[in-house]
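To keep things clear, I will list the structure first and then write my remarks on it.
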Amino acid sequence: MTLLPAKFGIYGGQFVPETLMPALIELEEAFVSAQNDAAFQEEFNRLMASFVGRPTPLTYAKRLSEKLGGAQIYLKREDLAHTGAHKINNALGQALLVKRMGKRRIVAETGAGQHGVASATAAALLGLECVVYMGVVDIARQEPNVFRMKLLGAEVQPVTSGTQTLKDAINEAIRDWVTNVRDTHYLLGSALGPHPYPTIVREFQSVIGTEAREQVMMEVGHLPDTVIACVGGGSNAIGIFSGFVKDDGVELIGVEAGGNGIASGKHAARFGDPSKARVGVIHGTRTYVLQDEDGQIAETHSVSAGLDYAAVGPEHAMMRDNERAFYTSATDEEALDAFQTLCHTEGIIPALESSHAVAEVIKRAPTMRKDQVILVNLSGRGDKDLNTVIKEMRI
Ligand SMILES: *Cc1c(COP(=O)(O)O)cnc(C)c1O
């Protein structure tokens, strides 16, 4: 029996080698005791305020709302958090748990490098050793983040197995964890993996939803009609959704990476492609996974590295089945258009991941009344994406 529920309906669970079970139990115990420990909560909140810069603002997107001519649009500004995205909330929370467990070393995986940077940052702040596994293909295309991690004192381990990208980096990080589990914590970057990770990540990211709900109530005087967030593994989305999940009238919308379009097969829309999306077990959890006919993990594509993953967090799989949330996708082209629109109308350069959420706002706001409100999670800033955008847009 686990202390907290290990499953989300039929999804989630703990599909790991027996050698890792003690580490998962230890992590769950540390998390539960931390949640009931006022001193831990105080330290987490203090770091969120003094280091991350929370609460992040809520910004009324006046010119975008006027341009679209429908609903009023509000942006939750995770792009203004330290290191430029929401990932730091979870990285710091888990790093505090590492200290609580008396461990001294963290391993992490990274695709685009954002979670690696957040992990290296948290490790530097709290004096932990940090090793980040990264595929050599990703190392080549994300050079600035590799430098950042090294500057922050982390060791970047190149991964040459498989497709030399994120899923192979995850395998290597898990291998290291299994070998060194006594003094090492695996700092997982999204609402994925075996229990208790999806729950822990949601709780550390729920700060987004808690703040946003209060801010909208203060500024608008009532709840938003619709909350929109992009969904890679699902951590920024579950973080903002958690603030509104009990408010039945609030519609929750997750936006996946539509890549070159669902029909092209080149995408990462786990919920959007009935021909490839099946329930399976990946990296310790049961959830929707894009698979080929043999059940092998399918190749995915997105212009935004943070959404380019074959599986989605198990809680989203449940919320999709029970229709508490709805999932759609935006193509690369729609995301790039939305990116440029937000730059021009609001003076904000969003991450390409977040641009997928903005693309859905652009589709939806004109169909809504002017007294309705959309809250969109701007999960990160776009500085990291400038090379990609310049190449794609030929500007
Ligand atoms: C990593 C990342 C994402 C995707 O991850 P989730 O766990 O789905 O939130 C989205 N936006 C930004 C800016 C990211 O860095």
Got a number for the accessible area of Ser379? Probe 1.4 Å, square angstrom, nearest 10. 10
Solvent-accessible area of Arg46 with every protein chain in place, 1.4 Å probe, in Å² to the nearest 10: 130
Under the Karplus relation with 6.51, -1.76 and 1.60 and θ = phi - 60°, whole-Hz ³J(HN,Hα) for segment 17-22, x at Gly and Pro, equal x, 3, 4, 8, 4, x
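Quick one: plug the Kirkwood hydrodynamic radius of segment 133-228 (C-alpha pairs) into Stokes-Einstein at 20 °C, 1.002 mPa s, and report D in µm²/s.
Details: Rh = 16.3 Å.
Translational D for this selection: 132 µm²/s.
Beyond 23 Å between alpha-carbons counts as too far, so tell me which of Lys76/Lys363; Lys246/Lys384; Lys246/Lys370; Lys62/Lys384; Lys67/Lys87; Lys363/Lys384 fall in that bin. Don't skip to the end; give the middle numbers.
Working: Lys76/Lys363 19 Å; Lys246/Lys384 35 Å; Lys246/Lys370 25 Å; Lys62/Lys384 26 Å; Lys67/Lys87 31 Å; Lys363/Lys384 26 Å.
Going by Cα-Cα distance, Lys246/Lys384; Lys246/Lys370; Lys62/Lys384; Lys67/Lys87; Lys363/Lys384 fall outside the 23 Å limit.
If I stretch the segment between Lys67 and Lys99 completely, what's the gain in nm (0.36 nm per residue apart, minus their alpha carbon distance), one decimal? Don't jump to the answer; show the numbers that get you there.
Details: separation 32, 0.36 × 32 = 11.52 nm, distance 4.88 nm.
Contour length minus Cα-Cα distance gives 6.6 nm.
Using a 1.4 angstrom probe on the protein heavy atoms only, could you order Lys67, Lys103, Lys167 from most to least accessible area?
Largest to smallest exposure gives the sequence Lys67, Lys167, Lys103.
Per DSSP H run of at least 4 residues, take -39500 (n - 2.57); add these up for the chain, divide by its residues and hand me the 222 nm value, nearest 500 deg cm²/dmol.
Helix contribution divided over all residues of the chain: -13000 deg cm²/dmol.
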Amide H contacts under 5 Å for Gly380, restricted to residues at least 5 apart in sequence or on another chain and with H modeled in the peptide plane, are Asp79, Ala351, Ser354
What does a probe at Ala39 reach in segment 114-146, counting residues whose amide N is under 15 Å from the point 7 Å along Cα→Cβ? none
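Could you report the chain's accessible area per residue, 1.4 Å probe, as an integer in Å²?
On a per-residue basis, the chain sits at 40 Å².
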Which percent of Cα pairs goes in each bin when the distances of the chain are cut into 20 angstrom slices starting at zero? 30, 62, 8
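Can you compute the FRET efficiency between Lys246 and Glu129 using 1/(1 + (r/R0)^6), with r the Cβ-Cβ distance and R0 = 51 Å? Round to the nearest 0.05. If you can, show how the numbers build up before the last one.
Values: r = 40 Å, r/R0 = 0.79.
E(calc), rounded to 0.05, equals 0.80.
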Long-range HN-HN contacts of Glu251 with modeled amide H, under 5 Å: Thr226, Val227
Taking a 1.4 Å probe, which of Asp383, Asp79, Asp183 shows the most accessible area, and what order do the others take after it? Asp383, Asp183, Asp79
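Ranked from the most accessible area to the least, with a 1.4 Å probe and all protein chains present, what is the order of Phe8, Phe51? Mind dumping the intermediate values first?
Values: Phe8 20, Phe51 60 Å².
Output order, biggest surface exposure first: Phe51, Phe8.
In segment 128-239, carbon and sulfur make up what percent of the accessible area (probe 1.4 Å)?
On the way: 2230 of 4230 Å².
Of the solvent-accessible surface of segment 128-239, carbon and sulfur hold 53 percent.
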What is the spin-label model distance, in nm, from Ile10 to Met218 if the labels are put 7 Å beyond Cα along the C-beta direction? 4.4
Would you work out the Kirkwood radius for segment 1-120? I mean one over the mean of 1/r across all pairs of different Cα atoms, in Å. 17.3
So how much slack lies between Asn260 and Glu155, counting 0.36 nm per residue of separation and subtracting their Cα-Cα distance, in nm? 34.3 nm
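The values are calculated or read from the model by the stated rules, or taken from the named source; none is laboratory data. Note that this is a predicted model, so its numbers are computed, not measured. Here Cβ is always computed from backbone atoms with ideal geometry, including for glycine, and neighbour counts include all displayed protein chains. Remember, those area values only see protein heavy atoms, side chains included, never the ligands or the DNA or RNA. Shrake-Rupley method; radii C 1.70, N 1.55, O 1.52, S 1.80 Å.
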